[in-house]
1. So, in the stretch 105-120, exactly how many residues are closer than 12 Å to Val77 by Cα and part of a helix (DSSP H, G or I)?
2. Looking at the structure I just gave you, is Ala64 surrounded by 14 or more Cβ atoms within 10 Å (Cβ to Cβ) and outside any helix (DSSP H, G or I)?
3. So, in the stretch 69-79, how many residues would count as being out of contact with any Lys or Arg (no Cβ under 9 Å at 6 or more places or on another chain) and part of a strand (DSSP E or B)?
4. Tally time: how many residues in the stretch 53-67 are over 12 Å from the mean Cα position of the chain (by Cα) and in contact (Cβ under 8 Å) with a residue 24 or more places away in the chain?
5. Just one of the numbered conditions (1) farther than 19 Å from Ala138 by Cα; (2) at pLDDT 95 or above is not true of Ala52; which one?
6. Got at least one residue in the stretch 108-122 being without any contact (Cβ under 8 Å) to a residue 12 or more places away in the chain and over 18 Å from Thr57 (Cα atoms)?
Amino acid sequence: MAHTLDPQRDVASLRVAIVRSTYHSWATGKMLEGAIDRWARLGGREESLVVAAAAGTWELPAIARALAESGQFDALVALGVVIRGETDHFEYICQGVTRALADLTSRTGIPVGFGVLTCNTAEQVKARIGGDAGNKGAEAMDAAVQTALMIQAARALLPGKD
């Protein structure tokens, strides 16, 4: 029978950084609240959580990279909102940010909880920051924490590790 990797690590051992776009702060503020609340509910320690501001969603990857390269964090959470407008700008921002955050995770091995909303309307955003579709900031925190714990469990399998 196959062995199932089951992370039994304590969330309190993790260090997490949230990078939040301040553009569309009416939405990213709610997402940040959701992420922080979820962190606390999961058992994360307040002193192990850092929040950094980015001017906009486009700037999230640069700040996330600096935080990842600091060596101080087990996981990151990126929170931003892009609402479709009349030009192709939406497509470029969404694709660029998604690719950069995915590359960051791949290159550093540090998971990035993807809390970047790419919506057609403000109403769709509202549904995803505490409405019918839940709070995507909280979901991004869940994903980041679960992935960080699984990575710790996988690394523990290496010879000479705990």
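1. Looking only at that region, the number is 1.
2. no
3. 1
4. Of the residues in that region, 10 qualify.
5. Tallying (1) farther than 19 Å from Ala138 by Cα; (2) at pLDDT 95 or above, Ala52 fails exactly one: (1).
6. Looking through the stretch 108-122, none of the residues is without any contact (Cβ under 8 Å) to a residue 12 or more places away in the chain and over 18 Å from Thr57 (Cα atoms).
Results for (1) crowded, with 21+ Cβ neighbours inside 10 Å; (2) closer than 22 Å to Asp10 by Cα, shown as yes or no for each residue.
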site: Leu42; (1), (2): no, yes
site: Glu46; (1), (2): no, yes
site: Leu49; (1), (2): no, yes
site: Ala52; (1), (2): no, no
site: Trp58; (1), (2): no, no
site: Val77; (1), (2): yes, yes
site: Ile83; (1), (2): no, no
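Conditions (1) within 23 Å of Leu149 (Cβ to Cβ); (2) assigned to a strand (DSSP E or B), marked per residue:
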site: Pro7; (1), (2): yes, no
site: Tyr23; (1), (2): no, no
site: Ala53; (1), (2): no, yes
site: Val81; (1), (2): no, yes
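The values are calculated or read from the model by the stated rules, or taken from the named source; none is laboratory data. Remember, predicted model here, so these are calculated numbers, not experimental data. Note that each Cβ is placed from the backbone with ideal geometry, even for glycine, and that neighbours are counted across all protein chains shown.
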